[in-house]
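Student: Following this message is one structure expressed as structure tokens.
The values are calculated or read from the model by the stated rules, or taken from the named source; none is laboratory data. In this text, all values refer to a predicted model and were calculated from it rather than measured experimentally. For neighbour counting, all protein chains shown are included, and Cβ atoms are generated from backbone atoms with ideal geometry for every residue, glycine included.
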Amino acid sequence: MPNAVREASAVTAAVFAKGFHPNPPPVIIAEEPESAWSAPEQPASDSEPRCHETQTELASANQVGILGQLSASIAEINQPISAVVMNAEAALRLLLAQPTDTEAVRRLLACIVKDGMRTGDIVDRTRALIKKAPRRSET
């Protein structure tokens, strides 16, 4: 038998000799089974403040999440609004140019409509988010 195997066997024998066993016998609990698995009872006065505290923490976390989504919506709405302004300015310049390139103006106006619709979608999502948010109770 190689040395490494002998050393491992010696260590295993020493561990078992000290009373360690990979599958110890089951421990018998003197209590009734259902009481061993049930949560300790707390007086109603003790659990109510904790429940209220937990609800307050959850509401606060929800509000923080909603504020994060709102700030993302505000940042997202800047892009289509900027695009609308730039396209409108370009369309005005094209209308004043001689000769007027009506096809280019038409394309710019189509972009303005598309960006306006996108802005409306962002506003609708933001409104839905606000409606979903729980109301703050004044205490």
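Student: Does Leu58 fit the bill of being modelled with pLDDT under 90, under 18 Å from Asp121 (Cβ atoms) and in a helix (DSSP H, G or I)?
Tutor: no
Student: Yes or no: the stretch 96-112 includes at least one residue that is surrounded by 12 or more Cβ atoms within 10 Å (Cβ to Cβ), in a helix (DSSP H, G or I) and in contact (Cβ under 8 Å) with a residue 24 or more places away in the chain.
Tutor: Yes, because at least one residue in the stretch 96-112 is surrounded by 12 or more Cβ atoms within 10 Å (Cβ to Cβ), in a helix (DSSP H, G or I) and in contact (Cβ under 8 Å) with a residue 24 or more places away in the chain.
Student: Consider Ala44 carefully, then state whether it is in contact with a helix residue (DSSP H, G or I) (Cβ under 9 Å, 6 or more places away or on another chain) and either modelled with pLDDT of 90 or more or of a type outside the set (Lys, Arg) (or both).
Tutor: Taking the combined requirement at face value, the residue does not satisfy it.
Student: Just checking, which of Gln63, Gln79, Gln69 is in a helix (DSSP H, G or I) and at pLDDT 85 or above?
Tutor: On inspection, the qualifying residue turns out to be Gln79.
Student: Oh, and also: Scanning the stretch 90-135 for residues that are basic (Lys, Arg) and closer than 26 Å to Leu67 by Cβ, which turns out modelled with the highest pLDDT?
Tutor: For the stretch 90-135, the residue satisfying everything is Arg118.
Residue-wise test of (1) under 24 Å from Ile112 (Cα atoms); (2) surrounded by 13 or more Cβ atoms within 10 Å (Cβ to Cβ); (3) of a type in the set (Val, Ile, Thr).
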{"position": "Gln69", "(1), (2), (3)": "no, yes, no"}
{"position": "Pro80", "(1), (2), (3)": "yes, yes, no"}
{"position": "Ala83", "(1), (2), (3)": "yes, yes, no"}
{"position": "Met86", "(1), (2), (3)": "yes, yes, no"}
{"position": "Glu89", "(1), (2), (3)": "yes, no, no"}
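Student: Quick one: what pairs do we get from the stretch 79-94, first residue within 15 Å of Val123 (Cβ to Cβ), second among the hydrophobic types (A, V, I, L, M, F, W, C) and at pLDDT below 95, C-beta under 7 Å, 6+ apart or different chains?
Tutor: Between residues of the stretch 79-94 that are within 15 Å of Val123 (Cβ to Cβ) and residues that are among the hydrophobic types (A, V, I, L, M, F, W, C) and at pLDDT below 95, there is no close pair.
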